[in-house]
Amino acid sequence: MMLFLSLLMLFSGIAWGGYLFWRDRRRANSQPKINLYQQVARNPTTQTWLQNHLTGNPIDDVRAIRTQFGLSTDDAEKLLRRNAHLLKK
(Lines give C-alpha, C1' and ligand atoms only; values in the text may rest on other atoms or scores of the structure.)
Protein backbone atom coordinates (compact mmCIF):
# COMPACT_ATOMS: atom_id res chain seq x y z
CA MET A 1 0.00 0.00 0.00
CA MET A 2 2.82 2.40 0.86
CA LEU A 3 4.58 1.63 -2.43
CA PHE A 4 1.35 2.30 -4.35
CA LEU A 5 0.91 5.72 -2.71
CA SER A 6 4.54 6.63 -3.31
CA LEU A 7 4.30 5.74 -6.99
CA LEU A 8 0.98 7.56 -7.29
CA MET A 9 2.50 10.73 -5.82
CA LEU A 10 5.57 10.43 -8.04
CA PHE A 11 3.56 10.07 -11.25
CA SER A 12 1.16 12.80 -10.18
CA GLY A 13 4.10 15.16 -9.69
CA ILE A 14 5.54 14.25 -13.07
CA ALA A 15 2.15 14.76 -14.76
CA TRP A 16 1.67 18.14 -13.04
CA GLY A 17 5.14 19.27 -14.06
CA GLY A 18 4.49 18.18 -17.64
CA TYR A 19 1.24 20.10 -17.69
CA LEU A 20 2.92 23.27 -16.40
CA PHE A 21 5.69 22.93 -18.99
CA TRP A 22 3.15 22.42 -21.80
CA ARG A 23 1.06 25.38 -20.62
CA ASP A 24 4.06 27.74 -20.53
CA ARG A 25 5.24 26.63 -23.98
CA ARG A 26 1.77 27.17 -25.37
CA ARG A 27 1.54 30.66 -23.87
CA ALA A 28 4.97 31.59 -25.22
CA ASN A 29 4.00 30.51 -28.74
CA SER A 30 0.71 32.39 -28.71
CA GLN A 31 2.27 35.78 -27.91
CA PRO A 32 3.50 37.77 -30.90
CA LYS A 33 7.27 38.08 -31.02
CA ILE A 34 8.94 41.31 -32.07
CA ASN A 35 12.53 40.83 -33.05
CA LEU A 36 15.33 43.35 -32.61
CA TYR A 37 15.14 44.58 -36.21
CA GLN A 38 11.46 45.47 -35.85
CA GLN A 39 12.11 47.29 -32.59
CA VAL A 40 14.90 49.34 -34.14
CA ALA A 41 13.03 50.05 -37.38
CA ARG A 42 9.92 51.28 -35.51
CA ASN A 43 11.84 53.53 -33.14
CA PRO A 44 11.62 57.20 -34.20
CA THR A 45 15.05 58.00 -32.78
CA THR A 46 16.52 55.54 -35.28
CA GLN A 47 15.51 57.85 -38.12
CA THR A 48 17.27 60.83 -36.57
CA TRP A 49 20.40 58.77 -35.88
CA LEU A 50 20.46 57.55 -39.48
CA GLN A 51 20.02 61.10 -40.81
CA ASN A 52 23.01 62.30 -38.80
CA HIS A 53 25.37 59.35 -39.23
CA LEU A 54 24.93 57.83 -42.71
CA THR A 55 27.84 58.66 -45.00
CA GLY A 56 26.76 57.18 -48.33
CA ASN A 57 29.37 54.42 -48.27
CA PRO A 58 27.36 51.19 -47.86
CA ILE A 59 30.11 49.24 -46.12
CA ASP A 60 30.78 51.94 -43.53
CA ASP A 61 27.06 52.55 -43.07
CA VAL A 62 26.29 48.88 -42.44
CA ARG A 63 29.20 48.67 -40.00
CA ALA A 64 27.97 51.77 -38.14
CA ILE A 65 24.40 50.46 -37.97
CA ARG A 66 25.61 47.11 -36.67
CA THR A 67 27.69 48.68 -33.90
CA GLN A 68 25.05 51.26 -32.94
CA PHE A 69 22.00 48.99 -32.82
CA GLY A 70 23.49 45.51 -32.38
CA LEU A 71 21.88 44.09 -35.52
CA SER A 72 23.12 41.30 -37.74
CA THR A 73 24.64 42.17 -41.11
CA ASP A 74 21.47 41.17 -42.97
CA ASP A 75 19.26 43.25 -40.71
CA ALA A 76 21.62 46.22 -40.95
CA GLU A 77 21.54 46.04 -44.75
CA LYS A 78 17.74 45.77 -44.68
CA LEU A 79 17.52 48.83 -42.45
CA LEU A 80 19.90 50.72 -44.74
CA ARG A 81 17.86 49.83 -47.84
CA ARG A 82 14.65 50.79 -46.08
CA ASN A 83 16.09 54.19 -45.20
CA ALA A 84 18.06 54.86 -48.39
CA HIS A 85 16.20 58.16 -48.80
CA LEU A 86 18.07 59.51 -45.77
CA LEU A 87 21.53 59.18 -47.36
CA LYS A 88 23.57 62.35 -47.65
CA LYS A 89 24.08 63.39 -51.22
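The values are calculated or read from the model by the stated rules, or taken from the named source; none is laboratory data. Here the structure is a predicted model, which means the values were calculated and not measured. Please note that ligands, DNA and RNA were not included when accessible areas were found on the heavy atoms of the full protein model with its side chains. Shrake-Rupley method; radii C 1.70, N 1.55, O 1.52, S 1.80 Å.
Expressed as a whole percent, the accessible area of the stretch 35-88 that falls on carbon and sulfur atoms is 49 (1.4 Å probe). Restricting the calculation to alpha carbons of the stretch 1-43 gives Rg and Dmax of 19.8, 64 angstrom. Projected onto their three principal axes, the Cα atoms of the chain cover extents of 85, 20, 16 Å, largest first.
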